[in-house]
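Below: the structure, in structure tokens.
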Amino acid sequence: MRGLALEWTLMFGHRLPTIPAPADALPGRAEVMEVPDAHYVNERSMVPPFRAGIETIILGMGCFWGAERVFWEHPGVWTTAVGYTGGHTPNATYEEVCSGRTGHNEVVFVAWDAAAIGLIEVLQVFWENHDPTQGMRQGNDVGTQYRSGIYVADDAQLASAESTRDTFATALADAGYGEITTEIVERPTFFYAEDYHQQYLAKNPMGYCGLGGTGVSCPVGILD
């Protein structure tokens, strides 16, 4: 596993990671992370503003290396970037996030061409490429930074996130999985991760990827 949170609680005999309170989080810093001029794979900017017709959402699926690759390879996706969100520490470093003392999640910033694909398709990719029932972990990756999350920009995204969650929850239950633990909240501040994390698996093709879905299809056709 790549990181293990240091904040824990005891439940059913197991030690589980918990998000620290704001007062207990690391202080962070005012200096923002430098962002590369262009995406390593598609050479587009990773920083808004984008041209008309490009929509964005932020998604947490566990290790952000593999999650980002899933999206940059998907037709219709304009650009991607990895970073941190959902915590308390401004401009946290990777090491700080992995300490469990920032509250942040490892996430992917996804921008797509709305003329090519829709939000429902983006969310289908999200649901089908990780296990959203595992709480603060994905497989062997354990920690608050590996939780499932959808960070929405507006009420329309919120409605789509909740409707696809409810549809997928039924499919997962039928397959024997537990309840979905995905947090669906208004988009917090997104902090870009360090340059070496951006498009990591394109730069390091043999690098670690712990991403894995449930094998259950998300039946979004009824929502289109």
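Taken together, the values in this text are just the output of simple stated rules run on the coordinates, not laboratory data. Quantities reported herein were computed from a predicted structural model and do not represent experimental measurements. Reconstructed Cβ throughout: ideal geometry from the backbone, glycine too, with neighbour counts over all protein chains shown.
Kindly identify region 102-193 as rounded, prolate or oblate by the Cα gyration tensor criterion: order the square roots of the eigenvalues as a ≥ b ≥ c, call it rounded if a/c is under 1.5, otherwise compare a/b with b/c, prolate if a/b is larger, else oblate. Oblate. Averaged over residues, the count of other Cβ atoms within 10 Å places the peptides 23-29, 108-114 in the sequence 108-114, 23-29, highest first. Electrostatic bookkeeping for PRO36 treats Lys and Arg as +1 and Asp and Glu as -1; over the other residues with beta carbon under 13 Å from its beta carbon, the sum is -3.
Fraction of C-alpha pairs exceeding 23 angstrom in the chain: 44 percent, rounded to a whole number.
Of interest is the spacing of the C-alpha centroids, which for region 141-218 and region 65-97 amounts to 11 Å.
Fewest-first ordering of VAL122, VAL107 by other beta carbons within 10 Å of each residue's beta carbon gives VAL122, VAL107.
Other residues within the sphere of radius under 10 Å centred on the Cβ of HIS88, judged by their own Cβ, net out at 0 (K and R +1, D and E -1).
Remark: MET33, MET46 ranked as MET33, MET46, counting other beta-carbon atoms within 10 Å and listing the fewest first. Just to confirm a number: summing +1 for Lys and Arg and -1 for Asp and Glu over residues other than ALA161 whose beta-carbon lies under 12 angstrom from that of ALA161, what do you get? That works out to -4.
Summary value for region 35-186: 26 percent relative contact order, contacts being C-alpha pairs under 8 angstrom separated by 6+ residues. Listing THR170, THR189 from fewest to most neighbouring C-beta atoms within 10 Å gives THR170, THR189.
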